[in-house]
Amino acid sequence: MTGALLQFALCALLIARAGWTLSHSADRLAALHGWGRGWAGLALLGTVTSLPELASGISAVAVVGAPDLAVGNALGACVVNLGFLVVVDALQRDQPMYRAAAATHVLSAAFGVVLLGLAALAMLAGVRAPAVMNLGLASPLLLGGYLLALRSVHAQTIPAADAAPSGPVDTFERRLHWQRFAISAAVVLAAGSALPYAADRVAEAAGWSRSFVGTVFMAVTTTLPEMAVTLAALRLGALDLALGNLLGSNLFNVTILAVDDLFHPGGPLLAAVAPVHVGTAVTAMTMAGGVLVGLVMRPQGRVLRVLSWVSVGLLAGVLVNALWLALAGAGG
């Protein structure tokens, strides 16, 4: 038990440190290449910071043989990411973050609701859902939905006036930041690959189910890059970079289920997991819907002068999901 916890802690430390480096390199690369921060957050950071979920999911289904770890990790990470928006909102002292956020995040949140709904329906259908070459029908739909989301958000993104480089591009600096970015991404990938082993040992030693460990322990740990990148973006004063990272990461996390399905040897992945994951998917879908409402309504008031009422709802969603896991006995 002690060794497993130490391995888990080491992976978490490596992921957090590499995630912090990713944020700075990505922000500098956006400036050097003339990208907007919002697009860099959604497409670049949102994908790379989800590498732990991708690596741990593939490892969980292909090596450990624990599909509940993979699905619990991906969906639990969505809940954690949406819950972390509460912290972002609390740190925006001038006004609620929903009033300052760019309109393009509406599309990201809306596509998040759609993809989570598809995943929930696939799990509810179970073995009754049609399969294509050992893959669930939901997998190509999730992948296609993610690609459509990226294209749609990019089409709606208005480039910032200062997005283009203001002077001669330093080729050496560009290459240096790409190298740092690649090294940090590799560290995140390696540490994420080791997580399922530690998580499985913790679950076995403590008598916990894999669904619980995947949805709670692994989900929190593998979202450390998102948290580190988000906090770094806020320190840079780049709210849209932070929001794009979290919402883009959620889109990619749900799409990871389609990738995991490719490596799952026992048929469609979402038909082979415990029913408890449906509750997590529905919770994340409801929370994403709340974010969508906030981005459309742009609430001005704050509860106790700290959080918008949308953030209070997101916090309630995190607590409801934790209660659901406890009452369901972590599903097996």
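The values are calculated or read from the model by the stated rules, or taken from the named source; none is laboratory data. Values in this document were obtained by computation on a predicted structure and should not be read as measured data. Virtual Cβ from ideal backbone geometry, glycine too; neighbours counted across all protein chains shown.
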Practice task
Would you be able to say whether some residue in the stretch 236-259 is surrounded by fewer than 24 Cβ atoms within 10 Å (Cβ to Cβ), more than 20 Å from the chain's Cα centre (by Cα) and modelled with pLDDT under 80?
Solution key: yes
Completion exercise
Subset of the stretch 90-106, residues buried (at least 21 other Cβ atoms within 10 Å of the Cβ) and in a helix (DSSP H, G or I), comes to 97, 98, 105
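Confirm whether residue 62 is closer than 22 Å to residue 123 by Cβ, part of a helix (DSSP H, G or I), more than 20 Å from the chain's Cα centre (by Cα) and not hydroxyl-bearing (Ser, Thr, Tyr). Give the steps one after another, and end with the answer.
Numbers: closer than 22 Å to residue 123 by Cβ: yes; part of a helix (DSSP H, G or I): yes; more than 20 Å from the chain's Cα centre (by Cα): yes; not hydroxyl-bearing (Ser, Thr, Tyr): yes.
Considered against the rule, which asks whether it is closer than 22 Å to residue 123 by Cβ, part of a helix (DSSP H, G or I), more than 20 Å from the chain's Cα centre (by Cα) and not hydroxyl-bearing (Ser, Thr, Tyr), residue 62 comes out as yes.
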Practice task
Being over 14 Å from residue 98 (Cβ atoms) and modelled with pLDDT of 90 or more is the filter here, so list the residues in the stretch 288-322 that pass it.
Solution key: 315, 316, 317, 318, 319, 320, 321
Fill in the blank from the handout: Going through (1) over 19 Å from the mean Cα position of the chain (by Cα); (2) at pLDDT 80 or above; (3) of a type in the set (Gly, Ala, Ser) one by one, residue 43 fails only at (1)
Handout entry: Qualifying residue in the stretch 243-260 (condition: over 27 Å from residue 322 (Cβ atoms) and among the acidic types (Asp, Glu))
Key = no
